[in-house]
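Asks: Encoded as structure tokens, here's the structure I'll be asking about.
The values are calculated or read from the model by the stated rules, or taken from the named source; none is laboratory data. No experiment lies behind these values; they were computed from the predicted model shown. As a convention, Cβ positions derive from the backbone with ideal geometry for all residues, glycine included, and neighbour counts pool all protein chains shown. The area values use the complete protein model at the heavy-atom level, side chains included, leaving out ligands, DNA and RNA. Shrake-Rupley method; radii C 1.70, N 1.55, O 1.52, S 1.80 Å.
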Amino acid sequence: MFKMNDPILLEFCRVRKQFGPVIALNDVSFSVRAGEVHCLVGENGAGKSTVMNIICGIVRQSDGKVSVAGIDVLKHPLEAKAHIGFLPQNPPIYADFTVEEYLRHAAEIRRVPDREIPKAMDEVLELCGITHFRKRLLSNLSGGYKQRVGIAQAIIHKPDLVIFDEPTNGLDPTQVLGVRRLLREIAQNSTVLISTHILSEVQAVCNKIVMVNRGKTIFKGSTSDFDNSIVPDSIFLKVQPEPALEEVQAITGVTGAEALGDGSFRVRFGDDTEVLENIVAVAASKGWHLEEMGVERSSMDAVFAALTKQQH
């Protein structure tokens with residue numbers, strides 16, 4: 001078992017992967033500390049699944065080093081895999097197995113001692129909310145419950161690092177919320193790495209982000225760093241009595257303004273760092289009462305689009 005006080009659980013260092021003439025990953029580096037919930041973010045085809053397949057030993061990198069719990073994935077694959085639980089994008093289930101039969105099989109191939117398997121099965125069935133389905137054939141489960149079974153097999157051996165590739169892909173909104181709650185519960189005891197192209201998933205689950213685009217790392221940091229990585233360029237302003245739009249647009253440093261109604265405006269600004277002070281000064285001189293004023297943070301989708309555009 002990996003010691004939680006050790007700083008780095010996963011090290012992905014200067015990794016390159018080439019499939020024939022196609023370079024899927026080009027000098028990608030990041031690390032994951034024990035206890036973190038990391039999101040690997042990128043559009044479809046960005047290289048996320050390749051990263052995860054390399055970590056799990058499914059494909060070999062062309063260059064670079066990957067280690068899990070200090071174990072080189074290439075040199076000692078079985079030892080490294082013992083620390084990992086993995087749910088690929090399509091759950092690896094056997095339709096003619098019952099839930100219980102499948103989880104027992106998963107525990108056996110993960111080398112859970114025979115005497116510990118019944119307890120391990122009960123624990124993951126309870127955690128994943130599928131105890132009442134333990135005797136049911138996997139072919140008779142809905143997509144959401146099949147996904148929960150897939151999650152259960154990934155954590156049955158209590159791995160230090162759990163990897164989920166697009167864990168809510170294809171689920172309906174209710175199922176998505178349920179799986180996200182489950183991921184947060186799992187993160188209380190294991191380090192988690194989630195691949196997704198859905199930015200609302202990042203906000204709901206993760207505290208650290210690695211963003212890849214066209215096989216390159218274009219961002220690494222916290223969710224707040226990601227959200228603020230593009231300089232905000234708008235201010236929400238609410239004043240009474242409501243001034244004319246032209247008066248707001250005339251304030252020094254304002255590059256544009258949009259009237260939102262009821263005395264509210266969205267004010268655009270450029271590089272003028274004193275625009276807030278200018279608004280306050282004009283409001284005081286004209287007798288406006290400032291009910292609300294604040295710089296608007298970029299949305300996650302806007303930041304994603306901006307960072308991707310910067311790379312081109």
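Asks: In the set His105, His83, His76, which member is out of contact with any helix residue (DSSP H, G or I) (no Cβ under 8 Å at 6 or more places or on another chain) and buried (at least 18 other Cβ atoms within 10 Å of the Cβ)?
Replies: Working: His105 fails: buried (at least 18 other Cβ atoms within 10 Å of the Cβ); His76 fails: buried (at least 18 other Cβ atoms within 10 Å of the Cβ).
Going through His105, His83, His76 in turn, the sole match is His83.
Asks: If a residue has to be modelled with pLDDT of 70 or more, among the acidic types (Asp, Glu) and either within 16 Å of Ala244 (Cα to Cα) or part of a loop (DSSP other than H, G, I, E, B) (or both) to count, how many in segment 267-312 make the cut?
Replies: Total meeting the criteria: 2.
Asks: Tell me, yes or no, whether segment 65-88 has at least one residue that is of a type outside the set (Gly, Ala, Ser), in contact (Cβ under 8 Å) with a residue 60 or more places away in the chain and outside any strand (DSSP E or B).
Replies: Yes, the conditions are met somewhere in segment 65-88.
Asks: If you don't mind, another one. Could you grab me the full set of residues in segment 154-189 that are of a type in the set (S, T, N, Q) and either buried (at least 24 other Cβ atoms within 10 Å of the Cβ) or part of a strand (DSSP E or B) (or both)?
Replies: Result: Thr168, single match.
Asks: Ok, one more. For the structure I just gave you, tell me whether Thr131 is touching a strand residue (DSSP E or B) at 6+ places or on another chain (Cβ under 8 Å) and surrounded by 13 or more Cβ atoms within 10 Å (Cβ to Cβ).
Replies: On the way: touching a strand residue (DSSP E or B) at 6+ places or on another chain (Cβ under 8 Å): no; surrounded by 13 or more Cβ atoms within 10 Å (Cβ to Cβ): yes.
So Thr131 fails the test.
Asks: Among the residues of segment 213-230, write down those that are open to solvent by 20 Å² or more (accessible area, probe 1.4 Å), touching a residue at least 40 places away in the same chain (Cβ under 8 Å) and of a type in the set (Gly, Ala, Ser).
Replies: Hit for segment 213-230 is Ser229, nothing else.
Asks: Taking into account only those residues within segment 1-26 that are among the charged types (D, E, K, R) and modelled with pLDDT of 95 or more, which is farthest from Arg214 (Cα to Cα)?
Replies: Restricting to residues being among the charged types (D, E, K, R) and modelled with pLDDT of 95 or more, the top hit is Glu11.
Asks: For segment 11-54, which residues satisfy the criterion of being open to solvent by less than 50 Å² (accessible area, probe 1.4 Å), of a type outside the set (A, V, I, L, M) and within 15 Å of the chain's Cα centre (by Cα)?
Replies: If the condition is that a residue be open to solvent by less than 50 Å² (accessible area, probe 1.4 Å), of a type outside the set (A, V, I, L, M) and within 15 Å of the chain's Cα centre (by Cα), then Phe30, Ser31, Gly35, Glu36, His38, Cys39, Gly42, Gly47, Lys48, Ser49 are the ones that fit.
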